[in-house]
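*Asks:* Handing you this structure, nothing more for now.
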Amino acid sequence: MKLDRTALALSSIAFAVLVSTPRPVQAGELKGRLFVGDKPAAGVTLAALPAETAFEAAQREAKRAADPKPLATAVSNSDGTFTLKVPVDPAKPERAFEIQTSGGGTVGITLDGVWDTSETEELADVTLVKGASVTGRVVNGEGQPVAGADVVLEPGSGRGGILALGAGNRTPRKVTTREDGTFRFEDGAEQGNRLSISKEGFATHQAVNVRSGALGKPIVLTPPVVVTGTVLLPTKKPAAAALVRFEGKATTRWVETNAEGVFRIADAGAGRGTLVADAGEAGTASLAQASAPPGEGKSYAL
């Protein structure tokens, strides 16, 4: 039997096209509805953010790296409904993410749960808390405004809604002080807010149980105290790339040890507190009643 070479060639081309055509990229799709009290919450932004462990988030802070960018966003409709479509990354087809809310006159939260980009799900209704303004001013010891300071707000409790269930769902918000040292949030809670203020050259400052509205007096930043030391593994070898912070009147930002396990915290406030070290899978350590500063020529070993 004589083969038709033209037909064979065309068949081969068709087969090649069939096997080489990429599969369409799907997207995870999450639907739900938001409320404030018994009314629909319109204009709320929902962002799908790459899921992080607490250690990964601390590493990012220690490196002073930027916050992760959203994989996708959506805005709730006038009836509070939303559809969040998260595209699949071919390199990470089942990438895990969490959902954070912001705006729309509400207190931002992180929804309870972690999803991946292969999922399609109808979420349960979520009740948010109405946001409130929190404003203030940051100055130095001489009363001069401190511009460019990072101010982080951790929302406190509100009347009803998901925030009443516990602090785990609160989403911190960050702004930078203006030239006159002022700052403003529109998504604080009515009470129980916490403010953390940090700026290079000053000790980290924290204010707790902050109510909504304008602060009664400026927040005064003080000169920093340097705390140094070394983190060792159980084998007594240096713990390189371990994370360390000082938890006193205020909690400093995480710093990372060098190859010799040495750390330097440059934003501690004077007084006693606890040094905390986290070396990931290698374990954690803490030293209570540590003093800042540790004393002339003295450093700590964890």
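*Asks:* Could you list, in sequence order, the residues of the stretch 150-187 that are modelled with pLDDT under 95 and of a type in the set (Gly, Ala, Ser)?
*Replies:* GLY156, SER157, GLY158, GLY160, GLY161, ALA164, GLY166, ALA167, GLY168
*Asks:* Given the conditions (1) among the β-branched types (Val, Ile, Thr); (2) closer than 22 Å to ALA203 by Cα; (3) free of Cβ contacts under 8 Å to residues at least 60 places away in the same chain, report the number of the one that THR284 does not fulfil.
*Replies:* Going through the list (1) among the β-branched types (Val, Ile, Thr); (2) closer than 22 Å to ALA203 by Cα; (3) free of Cβ contacts under 8 Å to residues at least 60 places away in the same chain, THR284 breaks only (2).
*Asks:* Among the residues in the stretch 65-76, are any under 30 Å from TRP254 (Cβ atoms) and among the acidic types (Asp, Glu)?
*Replies:* At the first step, the residues of the stretch 65-76 found to be under 30 Å from TRP254 (Cβ atoms) are 65-73.
Filter again for among the acidic types (Asp, Glu), leaving 67.
Yes, there is a match, as at least one residue in the stretch 65-76 is under 30 Å from TRP254 (Cβ atoms) and among the acidic types (Asp, Glu).
*Asks:* Continuing with this model, one more query. Which of the numbered conditions does ALA42 fail, given that it passes all the others? Conditions: (1) within 18 Å of ARG173 (Cα to Cα); (2) over 22 Å from the mean Cα position of the chain (by Cα); (3) of a type outside the set (Asp, Glu).
*Replies:* Going through (1) within 18 Å of ARG173 (Cα to Cα); (2) over 22 Å from the mean Cα position of the chain (by Cα); (3) of a type outside the set (Asp, Glu) one by one, ALA42 breaks only (1).
*Asks:* Within the stretch 234-255, can you find the residues that are assigned to a strand (DSSP E or B) and either within 23 Å of ALA203 (Cβ to Cβ) or β-branched (Val, Ile, Thr) (or both)?
*Replies:* If the condition is that a residue be assigned to a strand (DSSP E or B) and either within 23 Å of ALA203 (Cβ to Cβ) or β-branched (Val, Ile, Thr) (or both), then LEU243, VAL244, ARG245, PHE246, GLU247, THR251, VAL255 are the ones that fit.
*Asks:* Considering GLY80, GLY136, GLY28, GLY113, which residue is under 29 Å from LEU195 (Cβ atoms) and surrounded by 14 or more Cβ atoms within 10 Å (Cβ to Cβ)?
*Replies:* Numbers: GLY80 fails: under 29 Å from LEU195 (Cβ atoms); GLY28 fails: under 29 Å from LEU195 (Cβ atoms); GLY113 fails: surrounded by 14 or more Cβ atoms within 10 Å (Cβ to Cβ).
Only one candidate passes the filter, namely GLY136.
*Asks:* Condition first: in contact with a Ser or Thr (Cβ under 6 Å, 6 or more places away or on another chain) and modelled with pLDDT of 85 or more. Now tell me which residues in the stretch 268-302 satisfy that. Break it down stepwise before answering.
*Replies:* Restricting attention to the stretch 268-302, the residues satisfying the condition of being in contact with a Ser or Thr (Cβ under 6 Å, 6 or more places away or on another chain) are 268, 272, 274, 276, 278, 286, 288, 299, 301.
If the condition is that a residue be in contact with a Ser or Thr (Cβ under 6 Å, 6 or more places away or on another chain) and modelled with pLDDT of 85 or more, then ALA268, ARG272, THR274, VAL276, ASP278, SER286, ALA288 are the ones that fit.
*Asks:* Can you tell me which residue among ARG264, ARG211, ARG253 is surrounded by fewer than 20 Cβ atoms within 10 Å (Cβ to Cβ) and either among the aromatic types (Phe, Trp, Tyr) or touching a helix residue (DSSP H, G or I) at 6+ places or on another chain (Cβ under 7 Å) (or both)? Steps first, answer last, please.
*Replies:* On the way: ARG264 fails: either among the aromatic types (Phe, Trp, Tyr) or touching a helix residue (DSSP H, G or I) at 6+ places or on another chain (Cβ under 7 Å) (or both); ARG211 fails: either among the aromatic types (Phe, Trp, Tyr) or touching a helix residue (DSSP H, G or I) at 6+ places or on another chain (Cβ under 7 Å) (or both).
It is ARG253.
*Asks:* Here's a follow-up. So how many residues does the stretch 256-272 have that are part of a strand (DSSP E or B) and under 24 Å from the mean Cα position of the chain (by Cα)?
*Replies:* Quick first cut of the stretch 256-272, residues part of a strand (DSSP E or B) only: 256, 262-268, 271-272.
If we keep only those that are under 24 Å from the mean Cα position of the chain (by Cα) as well, we get 256, 263-268.
Residues that pass the stated criteria total 7.
*Asks:* If you check GLY201 against the conditions, is it assigned to a loop (DSSP other than H, G, I, E, B), free of Cβ contacts under 8 Å to residues at least 12 places away in the same chain and closer than 30 Å to GLY136 by Cα? Break it down into steps so the answer makes sense when it comes.
*Replies:* On the way: assigned to a loop (DSSP other than H, G, I, E, B): yes; free of Cβ contacts under 8 Å to residues at least 12 places away in the same chain: no; closer than 30 Å to GLY136 by Cα: yes.
Criteria not met by GLY201.
*Asks:* Residues that are farther than 21 Å from ASP187 by Cβ: find the strands (runs of 3 or more DSSP E) completely inside the stretch 86-135 holding 1 or more of those.
*Replies:* On the way: elements: 96-102, 120-122, 126-128.
The strands (runs of 3 or more DSSP E) meeting that bar are 96-102, 120-122.
*Asks:* Which condition number does ALA96 fail, the rest of (1) of a type in the set (A, V, I, L, M, F, W, C); (2) at pLDDT 90 or above; (3) surrounded by 15 or more Cβ atoms within 10 Å (Cβ to Cβ) being met?
*Replies:* (3)
*Asks:* Surrounded by fewer than 16 Cβ atoms within 10 Å (Cβ to Cβ) and within 24 Å of GLY28 (Cα to Cα): is that true of ALA124 in this structure?
*Replies:* The answer is yes for ALA124.
*Asks:* Now for a different question. Which condition number in (1) modelled with pLDDT under 95; (2) in contact with a Lys or Arg (Cβ under 9 Å, 6 or more places away or on another chain); (3) crowded, with 17+ Cβ neighbours inside 10 Å is the one that ILE219 fails?
*Replies:* For ILE219, the failing item is (1).
*Asks:* Now, a different point. Would you check which residues across the stretch 179-190 are of a type outside the set (D, E, K, R) and either farther than 13 Å from GLY131 by Cβ or in contact with a His (Cβ under 8 Å, 6 or more places away or on another chain) (or both) and list them?
*Replies:* Of the residues in the stretch 179-190, the ones of a type outside the set (D, E, K, R) are 181-183, 185, 188-189.
Scanning the stretch 179-190 gives GLY181, THR182, PHE183.
The values are calculated or read from the model by the stated rules, or taken from the named source; none is laboratory data. On a predicted model such as this, the values are computed, not experimentally measured, just so you know. For neighbour counting, all protein chains shown are included, and Cβ atoms are generated from backbone atoms with ideal geometry for every residue, glycine included.
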